[in-house]
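A short reminder: the numbers here are calculations on the coordinates, not readings from a lab. Here the structure is a predicted model, which means the values were calculated and not measured. Reconstructed Cβ throughout: ideal geometry from the backbone, glycine too, with neighbour counts over all protein chains shown.
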Amino acid sequence: MLVEIMPLGDMEASIKREVSSALRHVYGMEISFQETREMPQMLYEKSRSQYRAEGLLEFIAQNKKADKIIGVTEEDIYYTGRNYVFGLAYLGGSACVVSTYRLEKEIQREFSDKTDKEVFIERTRKEVVHEIGHTLGLEHCSNNRCVMSFSPTVLDVDKKEEYLCGACRRELY
Ligand SMILES: [Zn+2]
Ligand SMILES: [Zn+2]
């Protein structure tokens with residue numbers, strides 16, 4: 001399966017590498033990069049200083065050339081009825097989006113020896129694996145260690161691992 005990564009706006013090369021490496025590592029996917037695009041300004045909601053995730057997902061899907069595509073942005077995104085989301089995907093869809101904004105800015109976390117940067121990278125890898133998991137038909141998992149568990153806060157993200165639990169893995173293959 002070929003998955004495209006679409007950087008939306010400026011992004012550190014190291015983050016692009018982590019996104020690619022997480023998908024190769026967990027799913028064994030082949031990865032290609034699309035050129036960096038600007039965030040579509042029509043999706044910007046001035047009153048909230050956030051972008052609309054649904055519209056973003058449509059924009060990303062329209063530019064898909066491979067089996068799946070994932071858009072990654074450093075901007076803050078929201079979904080109807082939620083103050084913010086780390087990402088969005090439709091079950092079994094072809095596109096998904098991940099925002100690293102809150103994964104980086106919300107420094108709240110439990111004590112560990114890891115640096116803020118290491119924690120940020122781990123969170124990003126997990127959310128990327130999570131959203132692509134939805135496009136592969138995986139729903140939320142009740143195992144809070146599983147990467148497919150629902151994680152509305154960064155603390156939930158920190159609790160889970162980068163990997164699919166056995167039950168989720170069996171659903172895939
Ligand atoms: Zn989810
Ligand atoms: Zn699971």
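Every residue in segment 126-169 that is in a helix (DSSP H, G or I) and under 21 Å from Phe111 (Cβ atoms), please. Break it down stepwise before answering.
Here is the first cut: in segment 126-169, the residues in a helix (DSSP H, G or I) are 126-135, 154-159, 166-169.
Result: Lys126, Val154, Leu155, Asp156, Val157, Asp158, Lys159.
What are the residues in segment 6-25 that are buried (at least 16 other Cβ atoms within 10 Å of the Cβ) and hydroxyl-bearing (Ser, Thr, Tyr), if any?
Correct list: Ser20 only.
Just to be sure I understand the filter: pairs with C-beta atoms under 9 Å, separated by 6 or more residues or on different chains, first member in segment 93-120 and of a type in the set (Val, Ile, Thr), second member surrounded by fewer than 16 Cβ atoms within 10 Å (Cβ to Cβ). Which pairs pass?
These pairs meet every condition: Ile107/Asp116; Val119/Ile107; Val119/Arg109; Val119/Ser112.
Counting residues that are over 20 Å from Ser149 (Cα atoms) and under 14 Å from the mean Cα position of the chain (by Cα), which strands (runs of 3 or more DSSP E) fully inside segment 1-102 reach at least 1?
Working: elements: 2-8, 30-33, 50-52, 68-73, 87-89, 95-99.
In segment 1-102, 2-8, 68-73 are the strands (runs of 3 or more DSSP E) which contain 1 or more residues that are over 20 Å from Ser149 (Cα atoms) and under 14 Å from the mean Cα position of the chain (by Cα).
Can you tell me how many residues in segment 151-163 are surrounded by 13 or more Cβ atoms within 10 Å (Cβ to Cβ) and either in contact with a Leu (Cβ under 7 Å, 6 or more places away or on another chain) or under 24 Å from Ile77 (Cα atoms) (or both)?
So in segment 151-163, the residues surrounded by 13 or more Cβ atoms within 10 Å (Cβ to Cβ) come out as 151, 154, 156-163.
With the extra rule that they be either in contact with a Leu (Cβ under 7 Å, 6 or more places away or on another chain) or under 24 Å from Ile77 (Cα atoms) (or both), the set shrinks to 151, 154, 156-162.
Adding up the residues that qualify gives 9.
Residues in segment 138-173 that are under 15 Å from the mean Cα position of the chain (by Cα) and away from ligand 1 (no atom under 14 Å from the Cβ): how many?
5
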